[in-house]
Every structure is written in C-alpha cells, then in structure tokens.
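The values are calculated or read from the model by the stated rules, or taken from the named source; none is laboratory data. In this text, all values refer to a predicted model and were calculated from it rather than measured experimentally. Here the Cβ positions follow ideal geometry from the backbone for every residue, glycine too, while neighbour counts run over all protein chains shown. SASA here: full protein model, heavy atoms, side chains in, ligands and nucleic acids out. Shrake-Rupley method; radii C 1.70, N 1.55, O 1.52, S 1.80 Å.
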Amino acid sequence: MPTGRVKVFNADRNFGFVTTADGDELYVAGDQVNGGAALRSGDEVEFEVGESEGGRRAATAVTVTKQAPADNPVGRTMAPPPSWEELEERERQRRMARRRRR
C-alpha cells in the first residue's frame, strides 16, 4: 500500500491533495477517508491509487497512519528562532570575513 503525506485538505469543500513518497500529487476526496475523519495538512497516510470522477489520479481508501501535531496545522516542526547571542555571533563572523576579503 503506498504511503504519503497530506499536502493540503479543505474540510469545508471536502477535498485535498496527498503527496506520495515519490513526489507525485494525488487528489483525495473526503468520502474516501476511512473512518470519516477530516484530514489535516501534514498527516501521514496510506492509500490505494485509483481515478476520481474527473478522470485524474486519486487516492482512495485513505487511512491516517500518523496525525500531524495539533499545535502545528501545517504538520511541520519549525526550529525556534535564534537567540540574540547567536545573531550577534553570526554578524561578528560576517564582519570578520568581510575584513579578510579587503
């Protein structure tokens, strides 16, 4: 069974897109999700490849294997911003490199 990650899912319109492990994008309709749960961006899913009513490749029999974090709607973890000390050190290194080039 192929696996992938939900790229985007519009719960109001009940459709979205899944990115496969190969990088292909597949259409997914809300009624193809097992259990009737709404998908969220970043959810990891297993699915079968079929065709939608419009004739495009679609994900069918979609099962969520790992949900995206609830506090991060995109499903990606972001690094914390650098501290002031780290920013000052980067600036100091940049200035030293510029002086060496002169």
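Exactly one residue out of Arg90, Arg76, Arg13, Arg5 is modelled with pLDDT of 85 or more, part of a loop (DSSP other than H, G, I, E, B) and of a type outside the set (Asp, Glu): that is Arg13.
Residues in the stretch 78-102 that are open to solvent by 100 Å² or more (accessible area, probe 1.4 Å) and farther than 30 Å from Ala68 by Cβ: Trp84, Glu85, Glu88, Arg90, Arg92, Arg94, Arg95, Arg99, Arg100, Arg101, Arg102.
Looking at Arg100, Arg56, which is the one that is on the phi < 0 side of the Ramachandran plot, more than 16 Å from the chain's Cα centre (by Cα) and modelled with pLDDT of 90 or more? Of Arg100, Arg56, the one residue that is on the phi < 0 side of the Ramachandran plot, more than 16 Å from the chain's Cα centre (by Cα) and modelled with pLDDT of 90 or more is Arg100. The number of residues in the stretch 37-59 being within 19 Å of Pro69 (Cα to Cα) and not β-branched (Val, Ile, Thr) comes to 9. The residue of the stretch 1-26 that is surrounded by the most Cβ atoms within 10 Å (Cβ to Cβ), among those that are more than 13 Å from the chain's Cα centre (by Cα) and among the hydrophobic types (A, V, I, L, M, F, W, C), is Leu26. Any residue at all in the stretch 53-65 that is part of a loop (DSSP other than H, G, I, E, B), open to solvent by less than 50 Å² (accessible area, probe 1.4 Å) and in contact with a Phe, Trp or Tyr (Cβ under 7 Å, 6 or more places away or on another chain)? Within the stretch 53-65, none of the residues are part of a loop (DSSP other than H, G, I, E, B), open to solvent by less than 50 Å² (accessible area, probe 1.4 Å) and in contact with a Phe, Trp or Tyr (Cβ under 7 Å, 6 or more places away or on another chain).
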